[in-house]
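Visitor: Before I ask anything, here is the structure I am working with.
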């Protein structure tokens, strides 16, 4: 009798399902463990990825941009003397073909601020408020008023610094900087407003002035950086090189170079994600294998019987493998559905503000918003199917190797 | 740190108080009065010996140093006590400053940011004292009161910073005697609350000129803390080597 492929498949399928059904309780437990493993992996992975991307967002958003262009020697000595001239038309022309959310030109120089009672070292950032929709500036909570435009000769500082300086909105502070002749200058600024941000470090160390007003005080027409932000969360591949080429006189630095510690954390999270996947799936594979070995041992008699009645070895092998595949497939679907549900639930983010200090130290946002990375999900899917095969292989081979005579005798 | 800081302090005090000449009896405007107090030192040289006491609730520290000045731009300070600080020196030329410590045999140029800092444990800053010409440059001055005390006229001068002046104070109030001895210099914040003040404790005549012999700096935050400078010896119009105010001289032990 020549069996068709279809009938063979349906036979294997029927046998597998019945075998699974015979041990309902055990297989349900197995299914549940597969579902929870997959849900755990996917949900936690999304959280970790979310955190990782938020770290990048934070750096990019924190007045750095994805890519920052400086004069080549600026980073070793950030001073206005190491600036470059702003040519908006040229910049616009060169950046035309790049998919940018926007760009901003700024002056960033170190400064010392003095009030009646205190003196603090800070970074003064000269900005054009109309360009800053790409940075944290547009989201800062302001008390008082923010700079109206780039010629505004007032100053905005962080809440923490205001407290340290023991001064008030509307009062005057003195800022000491180095001008373009390398001479120290002292400038009196009226405090226009105060900002609150999630980072106390920023509040203490970053003060904002109008870009053109600052240029006047510094007796310079230069800016010290051109900052670019893309429409994507990460830098599109190859863009850094092409931007370097279009600005041959400037040094193009990506966020990884601006914040090497964070870049290191970012890379280690990448490694961590895969190590973690490997650990979970290894545990899962042994659980599966164990169950199927038990299943095969239980069925020694009937497998022996089937074989002695002429069932082909391959059919026995397929049968066990199919059982494993069915469990894993159901587990995968269940796990992904459950993950989807959980992610819907926590999609708004997990609030970590109770651990604000630690969160800030890690440069995280106070809310973790999960991010599903499809590459990781596809790795989970492929790994699950691959595991279903590997885990069932050993029990299946044992079943195949069973000598029908021995099996029936015991 | 302390000695560097106290050096700054000494500089400032010196530049402000040394060498105050006799008054013309004509009526003066506030600007002229402050100008006389501040500008009399221009073009002159001086040599003085001082002791300084820094008082804190927990401890008191005394030190001594010698100061040479030329005009209002140049000054050299060298510590003579306590033994730990002997030889530490500071040179001011124009608006630049260097320090030298014999222990490390290094000359260090002080960054502007440090010069503008309040010094350790106190709210005295270099700016308060050494840059006193800012009173003429950045403030509107007015004589608000004239009183007679011990056969002298004492003028009370109020200094209000001009709009956007590089000045943190809300106002400064000076009490000046008609022989240009500064009796008191008070600093008010921008809510016009008193923050700190320098008061002359003792006036003495050195080399024919009346000067504030002992000055004490106090602040309203903590009345237990003060710093006092006392002149033990002052000479005016002394002969000084041209190379007195050089980095070479800063390192030397003359």
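Visitor: Compute the relative contact order of chain A as a whole-number percentage, counting only Cα pairs closer than 8 Å that sit 6 or more residues apart in sequence.
Guide: The value is 26 percent.
Visitor: Could the peptides A:49-55, B:237-243 be put in order, highest first, of the mean number of other beta-carbon atoms found within 10 Å of their residues?
Guide: A:49-55, B:237-243
Visitor: For segment B:49-93, report the convex hull volume of the alpha-carbon atoms normalised per residue, in Å³, without decimals.
Guide: Cα-based convex hull of segment B:49-93, divided per residue, equals 77 Å³.
Visitor: Grab the alpha carbons of segment A:67-233, take their convex hull, and tell me the volume per residue in Å³.
Guide: Hull volume over Cα atoms, normalised by residue count, gives 110 Å³.
Visitor: Please list the equivalent ellipsoid semi-axes of segment A:1-124, computed as the square roots of five times the alpha-carbon gyration tensor eigenvalues, in descending order and whole angstrom.
Guide: Semi-axis lengths for segment A:1-124 are 65, 24, 10 Å.
Visitor: If you don't mind, there's one more thing I want to ask. List A:183, A:168, B:36, A:211 from most exposed to least, where exposure is judged by having the fewest other Cβ atoms within 10 Å.
Guide: Least to most surrounded, the residues fall as A:183, A:168, B:36, A:211.
Visitor: Moving on to the next point. Using per-residue counts of other Cβ atoms within 10 Å, averaged over each peptide, order A:61-72, A:191-202, A:136-147 from highest down.
Guide: Highest mean packing first, the order is A:61-72, A:191-202, A:136-147.
Visitor: Restricting to Cα pairs below 8 Å that are 6+ residues apart, what does the relative contact order work out to for segment A:67-233? Please round to a whole percent.
Guide: 36 percent
Visitor: Which number do you get for Rg(Cα) / (2.2 N^0.38 Å) in segment A:226-324?
Guide: 2.19
Visitor: Treat segment A:192-280 as a sphere of radius equal to its Kirkwood radius over Cα pairs and apply Stokes-Einstein at 37 °C in a medium of 0.692 mPa s; give the translational diffusion coefficient in µm²/s, rounded to a whole number.
Guide: 191 µm²/s
Visitor: To the nearest 10 degrees, how steeply does helix A:5-22 sit against the main Cα axis of chain A, on a 0 to 90 scale?
Guide: 80 degrees
Visitor: Now a separate question. Sort out for me the Cα centre separation of segment A:260-278 from segment B:156-213, rounded to whole Å.
Guide: Taking the Cα centre of each part, segment A:260-278 and segment B:156-213 sit 61 Å apart.
Visitor: By counting other Cβ atoms within 10 Å of each Cβ, how are B:184, A:267, B:172 ranked from fewest to most?
Guide: Lowest to highest Cβ neighbour count: A:267, B:184, B:172.
Visitor: Need one number: the % of Cα-Cα pairs in chain A sitting beyond the 29 Å mark.
Guide: More than 29 Å apart: 59 percent of the Cα pairs in chain A.
Visitor: Let me ask something else about it. Against the longest principal axis of chain A, how steep is helix A:374-401, in degrees 0 to 90 to the nearest 10, with axes from Cα atoms?
Guide: The helix A:374-401 is inclined about 20 degrees to chain A.
Visitor: Other chains' Cβ within 10 Å of A:106-119 residues: what's the mean?
Guide: 4
Visitor: If r is the Cβ-Cβ distance from residue A:251 to residue A:28 and R0 is 60 Å, what FRET efficiency results, to the nearest 0.05?
Guide: Efficiency for this residue pair is about 0.45.
Visitor: For a quick check: sort B:187, B:248 by the number of other beta carbons within 10 angstrom, fewest at the front.
Guide: The most exposed by this proxy come first: B:248, B:187.
Visitor: Over segment B:183-254, what is the mean sequence separation of C-alpha contacts under 8 Å (at least six apart), divided by residue count, expressed as relative contact order in percent?
Guide: Normalised by residue count, the contact order of segment B:183-254 is 20 percent.
Visitor: In degrees from 0 to 90, rounded to the nearest 10, what is the angle of the helix A:313-345 Cα long axis to the longest principal axis of chain A?
Guide: 30 degrees
Since every read-out is calculated from the coordinates, none of them should be taken as a lab result. Predicted model, so just to flag it, every value in this text is computed and none were measured. Here Cβ is always computed from backbone atoms with ideal geometry, including for glycine, and neighbour counts include all displayed protein chains.
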